[in-house]
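Asks: Got a structure for you, written out below as structure tokens; questions coming shortly.
Read-outs: derived from the displayed coordinates by stated rules, not from any lab. In this text, all values refer to a predicted model and were calculated from it rather than measured experimentally. As a convention, Cβ positions derive from the backbone with ideal geometry for all residues, glycine included, and neighbour counts pool all protein chains shown.
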Amino acid sequence: MKNKLILTTLTAFTSIALINCGGKDGGDEAGAKSGDATAGSASLGAGTEGGVVLETELPDELIEGTPKPIKLPVAHEDPTAAPQFKVPEGTVLLSKGKPVTSSDDAPIIGSLDLITDGDKEAGEGYYVELLDGLQWVQIDLGKESEIYAIWLWHFHSQKRAYNDVIIQISNDPKFEEGVTTIYNNDYDDSAGLGKGGFAPYAETRFGLLADGKGTKGQYVRLHSAGNTSNEMNHYIEVEVYGK
Amino acid sequence: MNDPNTSSQESGFLSRRRFISQSAGAGLVLAAPNILKAAEKGGSDKIHVALVGFGKQQEVLFAAMKNIPGLHFQAVCDISDWNRKKGMNQVRAHQGSAPEAYVDIDEMLSAEKGLDVAVVATPDFWHSPHTVKCLEAGLNVYCEKMMSNTIDGARAMVKAAEASGKLCQIGHQRRSNPRYRYTFEQLINGQKIAGQLTNVQAQWNRSLGASQDIGGKKIPKGVQVDEAILNQYGFKDMHQFMNWRLYRDLSGGPISDLGAHQIDIFNWFLEAQPKRLYATAGKAYFKQREHFDNVLCLFDWETKYGEVRGFYQVLTTTSSGGGFWENFMGTEATIKTAEIAATSAIYRESGAPSWDDLVGQGYLKKKPAPPKPAATAGAVASYESAAPEEYDLPGGLPLVTTKDGKVIPKPAHQPHLENFFASVRGQATLNCDARHAFESEAPIFYINESADKQAPIELTEELLSV
């Protein structure tokens, strides 16, 4: 696979989360060692100069259950507002209602169409749960498009971080040729798709916004490998913005 | 089945505590369960498990049980298609074969042969009927706390467990948490590190965001349960089904849902039941809810230390004070326990004997002294107590290797489930059997009543006994 890594990420950090630091694997629940893989990782840019701020309808906060300590390789701050990121005028939501396929064609619960149904609420019935291990979902935009932003909500009714979040764009539905990686926080290359430069993050209602950089492609593929609460993979919604 | 000198046949905190302190980690064989007999005859030594209810809490338990070898998940029972399908598929993903699925527990118990264990994680008002049915069907039961939404329901569970001779563990998972066990057995009782315990205090403060109704703006079609089925199983509608913790007929509310975990630790560590309590409570924010959204309760105990007073609060409108923890305050130390290591610590009073020897022997690890605060205007230095030294509280959860080879901290519920399954195999004794869970939970059933009446309640033996 030919990967081209674009080192930008879009998260708005303003308050410190109560999250322990530690490696993806191992360490006790109080582990506090800083990893070096993601230190100084890229942060949100301003987006397109002269563009318009990308806006979306954010879901309400709804936290369920007892919080579980989570371990991230670097100190992390939670957003308290949506990121202010500019995209070219005329950028629209391309992914609403578009077909989704997955490496797990028989989800544990939910269905793949939930990923592009426009509903971002937390809780039962709003997410699809995929098998454990490295899994992907893929959105077919129907035609090649210029992609300026991808907004992603894995699961936000519990504070947790998903492992090996990687977002790729290609015109090849098999992602064997012409693959551009626009976001990768797999700091130890455990997914085998290359080492990423972005910091793992905790899920919130603000989601993760990744800079598409105008990358051209018909397909968007998103990877993950379980999370800090359990081994499974979840998606509530993915929004692909472009022209 | 149980040794009459131990476990559920034994009554009284002191005898229980003495037994635990003598047997912790020893892995005593108490009985010769069918599992062992089957294995001796060349049969399978797998424990065949029924998952009764597959909501959020069962998911948590299942994630922990997946790490325990020797379990076969034979059946899943839930009235919700969504929950049942999720349970079936999670089990299939784990063990390669789907379990049998049932809407009704009676149908499951009638149809399924060879079940050894039921893990009950249904709404509180179903705990007692489900547990009793499973015990009477000859299954050993692990049931989530609170035992029931009524004290009579909890009493029925104790009676059923003792009549059946089967094991019944209640899900107060801190009873098997290494940090809590270490604190109780090694530090409080072993080293008598706190001196005379005189006061206890705990809180579970939960933010508004974590206290909202479940189900959001609209309940997705796939999650909806047929109204006739809801009514048949005691729910008025989907809101009740998804938010049963908010209804008085279905649960004890926040003091039961959250407070029970920590009030159990009070009673466990103090080795006593409170003699009286007085609660005040209200609906400061969620005015339409049946249950209080904030409860504050005072307790009096007569203990081996003498009189002990305590305070507990559960607030569902703020996370103030760092979430959830318990403080045990003695003349020589204060011990702050919590499931989260970062919130746990032990503080030595300045006049207490040095702990250098304990540090040297590996019992404790001293934390670096915090920077000295600047003198404040108006403070009279000679009146101020010296800041207590802070030490780490050892005993964090060990690491566990998952099926796909990842090494993660052991899930918080896993030690308690391990203790249960080891007990089913006859290799341990329960850390929280039904009788002792009842003794600890019994006072909690009177807290809402005290708040309703705005009056203290004397907790007589009659009120607190089975």
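Asks: If I model a spin label at B:Lys236 and B:Val359 as a point 7 Å from the Cα along the Cα→Cβ vector, what separation in nanometres do I get?
Replies: 5.9 nm
Asks: With charges only on Cβ, +1 for K and R and -1 for D and E, what is the dipole size of segment B:194-258 about its Cα centre, in debye, rounded to 20?
Replies: Using Cβ point charges on Lys, Arg, Asp and Glu, segment B:194-258 gives about 200 debye.
Asks: For a 19 Å ceiling on Cα separation, which of these pairs sit above it: B:Lys66/B:Lys410; B:Lys46/B:Lys66; B:Lys159/B:Lys236; A:Lys120/B:Lys283; A:Lys68/B:Lys287?
Replies: Going by Cα-Cα distance, B:Lys159/B:Lys236; A:Lys120/B:Lys283; A:Lys68/B:Lys287 fall outside the 19 Å limit.
Asks: Okay, next question. Filter the trypsin sites (Lys or Arg not before Pro) in segment B:406-466 down to the DSSP loop ones having no more than 11 other Cβ atoms within 10 Å, then list what survives.
Replies: When the trypsin sites (Lys or Arg not before Pro) of segment B:406-466 are filtered for loop state and at most 11 Cβ neighbours within 10 Å, nothing remains.
Asks: Evaluate the distance, in nm, between pseudo-label points positioned 7 Å from the Cα of A:Asp117 and of B:Lys367 along their respective Cα→Cβ axes.
Replies: Here the answer is 4.6 nm between the modelled labels.
Asks: Follow-up question, since we're still on this one. Can you give the helix-only mean residue ellipticity at 222 nm for chain B, where every DSSP H stretch with n ≥ 4 adds -39500 (n - 2.57) and the sum goes over all residues, rounded to the nearest 500 deg cm²/dmol?
Replies: -8500 deg cm²/dmol
Asks: Ranked highest first by average number of other Cβ atoms within 10 Å, how do A:91-102, A:113-124 line up?
Replies: Highest mean packing first, the order is A:113-124, A:91-102.
Asks: Label points 7 Å out from Cα along the Cβ direction at B:Leu208 and A:Thr101: separation in nm?
Replies: Label-label distance for B:Leu208 and A:Thr101, simple model: 4.6 nm.
Asks: Still on this model: Determine, for each peptide in A:193-202, B:279-288, the mean count of other beta carbons within 10 angstrom over its residues, then list the peptides with the highest first.
Replies: A:193-202, B:279-288
Asks: Give the aspartates and glutamates reachable from B:Lys366 as a straight Cα distance under 19 Å; neighbours fewer than 8 places away on the same chain don't count.
Replies: Filter leaves A:Asp28, A:Glu29, B:Glu332, B:Glu349, B:Asp356, B:Asp357, B:Glu389, B:Glu390, B:Asp392.
Asks: Across peptide B:79-92, how many C-beta atoms of other chains are within 10 Å of each residue C-beta, on average?
Replies: 3
Asks: From the P(r) of segment A:175-243, can you give the percent of Cα pairs sitting at distances over 21 Å?
Replies: 29 percent
Asks: Looking only at other chains, what is the average number of their beta-carbon atoms within 10 angstrom of each beta-carbon in B:62-68?
Replies: Per-residue shielding by partner chains comes out at 1.
Asks: More than 40 angstrom separation, counting every C-alpha pair in chain B; what % is that?
Replies: Result: 21 percent of Cα pairs exceed 40 Å.
Asks: What is the percent of Cα-Cα separations in segment A:63-194 that go past 18 Å?
Replies: Within segment A:63-194, distances greater than 18 Å cover 64 percent of Cα pairs.
Asks: Starting with the highest mean, order B:411-421, B:268-278 by the number of other Cβ atoms within 10 Å, averaged over the residues of each peptide.
Replies: With the highest mean Cβ count within 10 Å placed first, the list reads B:411-421, B:268-278.
Asks: Figure the gain on full extension for A:Glu146 and A:Leu58 (residue separation times 0.36 nm, minus the Cα-Cα span) and round it to one decimal in nm.
Replies: Fully extending the segment from A:Glu146 to A:Leu58 adds 29.3 nm.
Asks: What is the average number of partner chain Cβ atoms found within 10 Å of a Cβ in A:54-64?
Replies: 3
Asks: Right, here's the next one. Say the cut-off is 32 Å between C-alpha atoms; which of A:Lys86/B:Lys56; A:Lys98/A:Lys159; A:Lys96/B:Lys86; A:Lys174/B:Lys56; B:Lys133/B:Lys218; B:Lys113/B:Lys218 go over it?
Replies: The pairs that break the limit, which is 32 Å between Cα atoms, are A:Lys86/B:Lys56; A:Lys174/B:Lys56; B:Lys133/B:Lys218; B:Lys113/B:Lys218.
Asks: Of the beta bridges DSSP finds with both residues in chain B, what % are antiparallel, to the nearest 5?
Replies: 60 percent
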